[in-house]
Amino acid sequence: MTTIDPGPPGALRIAPSILAADFGELAARVHDIDAETDWLHVDVMDGHFVPNVSIGPPVVRSLRPYSTRFFDCHLMMSEPGRYLEAFQKAGANGCTVHVEVGGTATLIKEARALGLRVGLAANPDTPFDKVAPFLGDIDLLLLMTVFPGFGGQSFMADVMPKVVSARREVDEQRLALDIEVDGGIDVTTAPVAVRSGANVLVAGSAIFAAPAPLEAAHALRESARG
């Protein structure tokens, strides 16, 4: 695993999702937006936990030599524990698993033992109290603002109260924890998410589908800063 500093917890970060990039020119497209990239978000879908299939460790391994950014791997998988080591060896810096698959405490322990930064994700309809017991054990809480499985979906504003609750708990407990949102993030929704308490913004189509992706990433950052 390549050791890369993710930066201070709580700092604003833009994390372009490579799911929306042209896979035929992936390294070039990642290079194009590097100046406005804090983390690279890697969406991994298994066709079981979500109704779609995307990429796996070979793509992470292939892309790793072309980027010095923190690789934030979101494992939308029914059995993420089977693949944590493979992603770590491929060059992932952090892996996020879903609380809905169960065995959360074990998965956190396994990821930590591999030296990975540990994330926990929750779908839009999963209540905050399902993730709250684990806040002190993780580095990243990902609150989905769409149902996972496909890019280009519309932002679900009714997830924002959950983001507010998470930020309140993180601040009250003084936890070194990032709060990430993923789904429908653009220049309109990014400031809404940040005001609610998110500090890591995952954006796919808003960046890679734009005519000028670098400028789009910059505009997203500026909108989030208010």
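The values are calculated or read from the model by the stated rules, or taken from the named source; none is laboratory data. If you're wondering where the values come from, they're calculated on a predicted model, not measured in any experiment. Note: ideal-geometry Cβ built from the backbone for every residue, glycine included; neighbour counts use all protein chains shown.
Taking only pairs six or more apart or across chains, which ones have beta-carbon atoms under 7 Å, a first residue in segment 107-121 that is free of Cβ contacts under 8 Å to residues at least 40 places away in the same chain and surrounded by fewer than 21 Cβ atoms within 10 Å (Cβ to Cβ), and a second residue that is of a type outside the set (Ser, Thr, Tyr) and not in a helix (DSSP H, G or I)?
Going by the 7 Å Cβ cut-off, the qualifying pairs are Ile108/Val118; Ile108/Ile138; Arg112/Val118.
Can you list residue pairs whose Cβ atoms sit under 7 Å apart, with the first residue in segment 34-47 being part of a strand (DSSP E or B) and the second being at pLDDT below 95 and of a type in the set (Ser, Thr, Tyr)? Count only pairs 6 or more apart in sequence or on different chains.
Partner pairs satisfying both residue conditions: Asp43/Ser54; Val44/Ser54; Met45/Ser54.
Taking the options Ala198, Ala212, Ala217, name whichever one is out of contact with any strand residue (DSSP E or B) (no Cβ under 7 Å at 6 or more places or on another chain), under 30 Å from Asp22 (Cβ atoms), modelled with pLDDT of 95 or more and of a type in the set (Gly, Ala, Ser).
So the residue among Ala198, Ala212, Ala217 that is out of contact with any strand residue (DSSP E or B) (no Cβ under 7 Å at 6 or more places or on another chain), under 30 Å from Asp22 (Cβ atoms), modelled with pLDDT of 95 or more and of a type in the set (Gly, Ala, Ser) is Ala212.
Among (1) buried (at least 16 other Cβ atoms within 10 Å of the Cβ); (2) in contact with a Gly (Cβ under 7 Å, 6 or more places away or on another chain), there is one condition Arg61 misses while meeting the rest; what is its number?
In the conditions (1) buried (at least 16 other Cβ atoms within 10 Å of the Cβ); (2) in contact with a Gly (Cβ under 7 Å, 6 or more places away or on another chain), Arg61 misses (1) alone.
Any chance you could count how many residues in segment 196-215 are part of a helix (DSSP H, G or I) and either in contact with a Ser or Thr (Cβ under 9 Å, 6 or more places away or on another chain) or touching a residue at least 12 places away in the same chain (Cβ under 8 Å) (or both)?
Counting residues in segment 196-215 that are part of a helix (DSSP H, G or I) and either in contact with a Ser or Thr (Cβ under 9 Å, 6 or more places away or on another chain) or touching a residue at least 12 places away in the same chain (Cβ under 8 Å) (or both) gives 7.
What residue, among those in segment 52-73 that are in contact with a helix residue (DSSP H, G or I) (Cβ under 9 Å, 6 or more places away or on another chain) and part of a strand (DSSP E or B), is farthest from Ala35 (Cα to Cα)?
Pass one, segment 52-73, residues in contact with a helix residue (DSSP H, G or I) (Cβ under 9 Å, 6 or more places away or on another chain): 54-69, 71, 73.
Then drop every residue that is not part of a strand (DSSP E or B), which leaves 71, 73.
Working: Phe71: 15, Cys73: 20 Å.
So, considering only residues that are in contact with a helix residue (DSSP H, G or I) (Cβ under 9 Å, 6 or more places away or on another chain) and part of a strand (DSSP E or B), the one farthest from Ala35 (Cα to Cα) is Cys73.
I'd like the full set of residues that are closer than 27 Å to Gly47 by Cα, touching a helix residue (DSSP H, G or I) at 6+ places or on another chain (Cβ under 7 Å) and outside any loop (DSSP other than H, G, I, E, B), limited to segment 163-187.
The answer is Ile179, Val181.
Please find, within segment 1-53, the residue that is modelled with the lowest pLDDT out of those that are surrounded by 13 or more Cβ atoms within 10 Å (Cβ to Cβ) and of a type in the set (Ser, Thr, Tyr).
Thr2
Look at Gly24 and say whether it is assigned to a helix (DSSP H, G or I) and within 25 Å of Asp186 (Cα to Cα).
Against the criterion (assigned to a helix (DSSP H, G or I) and within 25 Å of Asp186 (Cα to Cα)), Gly24 qualifies.
Does Gly119 satisfy being out of contact with any Asp or Glu (no Cβ under 9 Å at 6 or more places or on another chain) and of a type outside the set (A, V, I, L, M)?
It is false that Gly119 is out of contact with any Asp or Glu (no Cβ under 9 Å at 6 or more places or on another chain) and of a type outside the set (A, V, I, L, M).
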